[in-house]
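Each reported figure results from applying straightforward, stated rules to the coordinates on display, with no laboratory input. As the structure is a computational prediction, the values presented were derived from the model and not from experiment. For neighbour counting, all protein chains shown are included, and Cβ atoms are generated from backbone atoms with ideal geometry for every residue, glycine included.
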Amino acid sequence: METTQLSYFIESNLTFQNNLALVGESGTGKSWLLSHVVSRYTNKFPEEYIITPMVFYHRTTTANVLKNLELPLERKRKNLYIPQDGKKLVYVIDDLNMCNQK
């Protein structure tokens, strides 16, 4: 029941182009649920979406993040970037681990 409710909630946020954050304890199925719903939703409309998964580790640098953010974008003008082929872009950021600074 809860999986169905969360699936509907995630799909609704995709439909209305809202930002979404799933927060919870490790091992509760957040990654599986999000990837399952996003892939099912984008399979309905494959010509409309670009999905860009991103995972943050303790060795992730700002250069890596910038490269991953810019990869599905094309530059139109000096400060204007848009998704390729006029599609909608969805960044799926999984496992956002923030390590302690030494």
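A helix-only calculation puts the chain at -11500 deg cm²/dmol for mean residue ellipticity at 222 nm, using -39500 (n - 2.57) for each DSSP H run of at least four residues, averaged over all residues. Would you work out which of V65, S31, N13 lies farthest towards the positive end of the dipole of region 2-96? Charges go on Cβ: Lys and Arg +1, Asp and Glu -1. Ranked along the dipole, the leading option is V65. Largest GNM mean-square fluctuation among L33, L66, L80, using the chain with Cα springs under 10 Å: L80.
Relative to the compact globular guide of 2.2 N^0.38 Å, what is the alpha carbon radius of gyration of region 1-59, as a ratio? Each step should come with its number before you reach the end.
Numbers: Rg = 12.4 Å, N = 59, 2.2 N^0.38 = 10.4 Å.
That ratio works out to 1.20.
What does the charge count around Q84 come to, taking other residues whose C-beta lies under 13 Å from its C-beta (Lys +1, Arg +1, Asp -1, Glu -1)? Charge balance in the 13 Å sphere: -1. Legend: P(r) of the chain from all alpha carbon pair distances, 10 Å bins from 0, whole percents, reading 12, 40, 33, 13, 1. Filter the cross-link list K44/K87; K67/K87; K30/K67; K67/K88 down to pairs whose alpha-carbon distance in this structure exceeds 22 Å. Checking Cα-Cα distances, K30/K67 exceed 22 Å. In loop segments of region 1-69 as defined by DSSP, the GluC sites (Glu not before Pro) with at most 16 further C-beta atoms inside 10 Å of their C-beta are E25, E47, E48. When +1 charges are put on Lys and Arg Cβ atoms and -1 charges on Asp and Glu Cβ atoms, the dipole computed for the chain relative to its Cα centre reaches about 500 debye.
Looking at the chain, send over the antiparallel percent of its DSSP beta bridges, to the nearest 5. Could you put the intermediate results ahead of the total?
Details: 4 of 12 bridges.
Once the DSSP bridges in the chain are tallied, antiparallel ones form about 35 percent.
The residues neighbouring E47, those whose beta-carbon lies less than 14 Å from its own, together hold a net charge of +1 under the Lys/Arg +1, Asp/Glu -1 convention.
Annotation note: chymotrypsin sites (Phe, Trp or Tyr not before Pro) in region 1-91 located in DSSP loop regions with a Cβ neighbour count of at most 11 within 10 Å are F16, Y57. GNM remark for the chain: springs join alpha carbons under 10 Å apart, and the peak mean-square fluctuation among V92, V55, V23 falls on V23.
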